[in-house]
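The values are calculated or read from the model by the stated rules, or taken from the named source; none is laboratory data. Remember, it's a predicted structure, so these values are computed and weren't measured experimentally. Cβ placement follows ideal geometry from the backbone for every residue including glycine, while neighbour counts extend to all protein chains displayed. Just the protein is used for accessible areas: all its heavy atoms, side chains included, with ligands, DNA and RNA removed. Shrake-Rupley method; radii C 1.70, N 1.55, O 1.52, S 1.80 Å.
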Amino acid sequence: MAYYRCVGDVPPKRHTQHRTPDGGLYFEELMGEEGFSADSSLLYHRAIPSAIVDASEWELPDLSTRPNHPLKPRHLKLHELFPGQSWKAADVVTGRRLVLGNADVRISYAAAGESSPLYRNAVGDECVYVESGEAVVETVFGALTAKQGDYVLLPRATTHRWVPQGGEPLRTYCIEANSHITPARRYLSKFGQLLEHAPYCERDLHGPAEPLLAEGTDVEVLVKHRGSGGSVVGTRYVYPEHPFDVVGWDGCLYPHTFNISDFEPITGRVHQPPPVHQVFEGNNFVVCNFVPRKVDYHPLSIPVPYYHSNVDSDEIMFYCGGDYEARKGSGIGQGSVSVHPGGHSHGPQPGAYERSIGVEFFDELAVMVDTFRPLELGEGGLAADDQRYAWTWSGRGPA
């Protein structure tokens with residue numbers, strides 16, 4: 001995220017003395033990517049950021065997966081993962097239920113009413129979409145407000161916690177990378193500025209506005225990090241001083257929000273392919289938005305997608321608003337996920353192809369993740385599977 005920001009109290013020259021009001025020194029920390037060769041920020045702490053007084057194992061939620069075999073398209077009903085009032089006792093971090101995952105990305109879902117523990121993901125960046133509800137996301141860089149439709153982008157190893165606001169469930173769709181998550185490269189200049197043809201710009205990105213200074217001693221932080229053989233494990237640190245002790249920072253690496261309503265759709269006379277909907281990318285996956293938009297205006301156009309085979313990728317669509325035209329008749333609604341795996345040709349449900357002719361506007365909202373390695377089903381995905389979706393194109397299934 002090569003968009004410079006300066007927040008709070010920083011010295012005029014980096015790597016120089018920065019003194020407290022009583023003459024002591026603040027402790028400078030460089031948080032940077034790719035071994036000093038990519039985006040970074042400098043943070044100025046009251047206490048030594050490396051100091052810990054305890055470390056123990058943290059048992060992560062179930063991250064096991066099962067192959068999608070036999071190969072089937074699937075409909076996952078994520079709202080069923082948190083029935084009744086069960087969300088009230090859950091939080092966005094420890095309450096996540098793994099829906100789908102592979103070696104590049106994990107997709108989880110949480111409905112929460114409780115504040116999360118302090119947490120950081122040292123495996124990769126997180127991109128959390130807020131389906132509904134509101135929260136304050138407290139981070140070492142400062143606080144972010146998160147509302148319905150916001151993506152919350154959290155760089156790898158950002159210490160933070162989620163604090164729900166109000167009495168409604170905070171529903172979050174969590175995309176965890178094993179890499180960094182950035183805007184699509186074709187949207188960026190060679191120096192990192194979003195270009196004129198990009199569907200959003202820097203004005204649409206909202207980072208912390210002021211430091212978040214907190215007091216406390218012997219403060220626990222949960223850390224998700226890399227284990228042996230590509231595994232993901234957890235450690236519980238205890239810090240002698242609260243890690244939210246940063247008086248100022250500057251740089252190009254920091255958490256921020258982007259609201260899906262600020263995405264400007266790219267349309268055409270005939271149906272446009274999914275890459276025009278792209279908003280972010282990570283290693284071996286992309287994130288796309290399908291937003292309310294004027295649709296194809298050729299006199300003979302068919303506005304819904306043509307049938308297509310995902311030769312190189314799995315297509316995962318999370319339906320989070322409106323009425324998705326191509327899926328009418330399949331039982332898909334708010335909080336649904338469709339899984340269209342590579343090797344299976346998919347497209348509109350029966351009748352949707354014909355019904356779309358002459359339609360001028362689609363009122364739909366969906367977040368799509370396409371992966372270039374096959375996704376496996378997590379325990380949440382298995383629990384939410386409706387078991388019927390694969391047969392909705394033909395109208396009948398196994399005898």
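Some notes on this structure:
Conditions tested, residue by residue: (1) under 20 Å from the mean Cα position of the chain (by Cα); (2) open to solvent by less than 30 Å² (accessible area, probe 1.4 Å); (3) at pLDDT below 95.
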position: Tyr319; (1), (2), (3): yes, yes, no
position: Ala352; (1), (2), (3): no, yes, yes
position: Pro374; (1), (2), (3): yes, no, no
position: Gly378; (1), (2), (3): yes, yes, no
position: Ala383; (1), (2), (3): no, no, no
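- When the test is whether a residue is open to solvent by 40 Å² or more (accessible area, probe 1.4 Å), part of a strand (DSSP E or B) and aliphatic (A, V, I, L, M), Val233 passes it.
- Wholly enclosed strands (runs of 3 or more DSSP E) of the stretch 1-102 bearing at least 2 residues touching a residue at least 60 places away in the same chain (Cβ under 8 Å) and crowded, with 18+ Cβ neighbours inside 10 Å: 5-8, 40-45, 74-77, 97-101
- Applying the criterion of being assigned to a strand (DSSP E or B) and over 25 Å from the mean Cα position of the chain (by Cα) to the residues of the stretch 210-228, the residue that is surrounded by the most Cβ atoms within 10 Å (Cβ to Cβ) is Val219.
- Looking only at residues of the stretch 174-195 that are hydroxyl-bearing (Ser, Thr, Tyr) and closer than 19 Å to Asn284 by Cα, we find that the one that is surrounded by the most Cβ atoms within 10 Å (Cβ to Cβ) is Tyr187.
- Of all residues making up the stretch 321-350, the number that are open to solvent by 30 Å² or more (accessible area, probe 1.4 Å) and part of a strand (DSSP E or B): 2
- Condition met for Tyr119 (at pLDDT 95 or above, under 19 Å from Tyr319 (Cβ atoms) and aromatic (Phe, Trp, Tyr)): no
- Test: residue in the stretch 361-372 that is modelled with pLDDT of 90 or more, under 21 Å from the mean Cα position of the chain (by Cα), assigned to a loop (DSSP other than H, G, I, E, B) and surrounded by fewer than 23 Cβ atoms within 10 Å (Cβ to Cβ): yes
- Val369 being in contact with a Ser or Thr (Cβ under 8 Å, 6 or more places away or on another chain) and aliphatic (A, V, I, L, M): no
- For the stretch 321-331, the tally of residues that are modelled with pLDDT under 70 and at positive phi stands at 1.
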